[in-house]
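Notes for the one structure printed next.
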Amino acid sequence: MTVSLELMNKNMIDGQLKPMGINDPIILEAFKNIPRELFVDRDKSSFSYYEGNILIKDNRWLLSTMLIARLINCVNISNDDVILEIGSCTGYTTAILEKLCSLVVGVEEDPELRELANKALAKIESNSSVIVGGQHILGNIKSAPYDKIFIFGSVEKVPNSLFDQLSDDGSLITVIKNKNNYKSCGNAVVFKKNKDIISSSKVFDVEVPFMEGFNIKEDFNF
């Protein structure tokens, strides 16, 4: 018997998100309404609701819905927020975030992925998100400041150039991991900006693939 993608979506929410404490109805509704299968190759659509991460191309991943939801759940998102997303990949996380806020600006340095993302977002008639080209490490200063910045991948450090793009009282959410110590676990961290002072708080331990484009040797250390 073939299980429909709609049922897979429902099972994902009931079996992956809710057991992890994701109970915000707005977040759950966003995951319900975004067809994850549109953001992977057609031959992988039946695996799109798989519990793990999905490899899109070399070193680029579509994270599991559980990881995405847990990172989003680290902060309170207002429907007035303007969000910067670093490394949009095929646009799934962009689409989820768009359901929660006023505007999402995604930065994707891979032209092929950027084209796939914008096509997928057009299919769902997204009108409050845009994915632009540029280096991940530089963000997108043109639309700054941002209320939230999400990096859905591990980085060793966050450059000051991204903190500079946060609004006062804004938050940056990512996973910090030592690239040279593969035995260490990554830390989901929320960085908070208050009058140009950056504070950080560890939320949970997690393993997330590294985000491309963050080979930096200085700036903020966690």
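Please treat every number below as a calculation from the coordinates, not as lab data. Everything quoted here is computed from the prediction, not taken from an experiment. FYI the Cβ positions are ideal-geometry reconstructions off the backbone, even for glycines, and counts take in every protein chain you see.
Can you compute 3J(HN,Hα) from phi for each residue in the stretch 5-15, using the Karplus curve 6.51 cos²θ - 1.76 cosθ + 1.60 with θ = phi - 60°, rounded to whole Hz and x for Gly and Pro?
Listing the rounded values in order: 5, 5, 5, 4, 4, 4, 5, 4, 5, 6, x Hz.
Around residue 89, with a cut-off of 11 angstrom between Cβ atoms, what is the net charge of the other residues, counting Lys and Arg +1 and Asp and Glu -1?
-3
Find how much the distance from residue 23 to residue 115 grows on full extension, using 0.36 nm per residue of separation minus their present alpha carbon separation; answer in nm with one decimal.
The residue 23-residue 115 span can extend by a further 29.8 nm.
Mind giving me the FRET efficiency for residue 215 and residue 7? R0 is 41 Å, r the Cβ-Cβ distance, nearest 0.05 is fine.
0.45
Cross-link partners among lysines for residue 157, C-alpha distance below 19 Å, same-chain residues fewer than 8 apart left out?
Of all the lysines, those that pass the test against residue 157 - Cα under 19 Å, at least 8 places apart if same chain - are 148, 177, 179, 183, 192, 193, 202, 217.
Sort 130-136, 4-10, 171-177 by packing, meaning the average of other beta carbons within 10 Å per residue, with the highest value first.
Result, highest mean first: 171-177, 130-136, 4-10.
Indicate the gyration tensor shape class of the stretch 5-206 (rounded, prolate or oblate), computed on the Cα atoms with a ≥ b ≥ c the square roots of the eigenvalues: a/c under 1.5 is rounded; otherwise a/b larger than b/c is prolate and the rest oblate.
Rounded.
Please name which of 161, 209, 129 has its Cα lying farthest along the dipole of the chain towards the positive end, using unit charges on Cβ (Lys, Arg +1; Asp, Glu -1) and the Cα centre as origin.
So the residue furthest toward the plus end is 209.
Go ahead and estimate [θ] at 222 nm for the chain from helices alone: -39,500 (n - 2.57) per DSSP H run with n ≥ 4, summed, over the residue count, rounded to 500. Please report the intermediate quantities before stating the final value.
Working: 6 runs with 49 residues, N = 222.
About -6000 deg cm²/dmol.
Report, in debye and to the nearest 20, how large the dipole of the chain comes out about its Cα centre when Lys and Arg carry +1 and Asp and Glu carry -1 on their Cβ.
For the chain, the charge dipole is close to 380 debye.
Enumerate the amide H contacts of residue 132 below 5 Å, restricted to partners 5 or more residues apart or on another chain; note that Pro and chain-start residues carry no placed amide H.
106, 107, 108
Measure nothing fancy, just the Cα-based angle from helix 111-123's long axis to the longest principal axis of the chain, in degrees from 0 to 90, nearest 10.
Roughly 50 degrees, rounded to the nearest 10.
Could you tally the net charge around residue 167, taking each other residue with its Cβ under 14 Å from the Cβ of residue 167, Lys/Arg +1 and Asp/Glu -1?
Here the count lands on -3.
Using a Förster radius of 25 Å, what is the FRET efficiency between residue 42 and residue 207 based on their Cβ-Cβ separation? Nearest 0.05, please.
Details: r = 28 Å, r/R0 = 1.13.
That pair, residue 42 with residue 207, gives E of 0.30.
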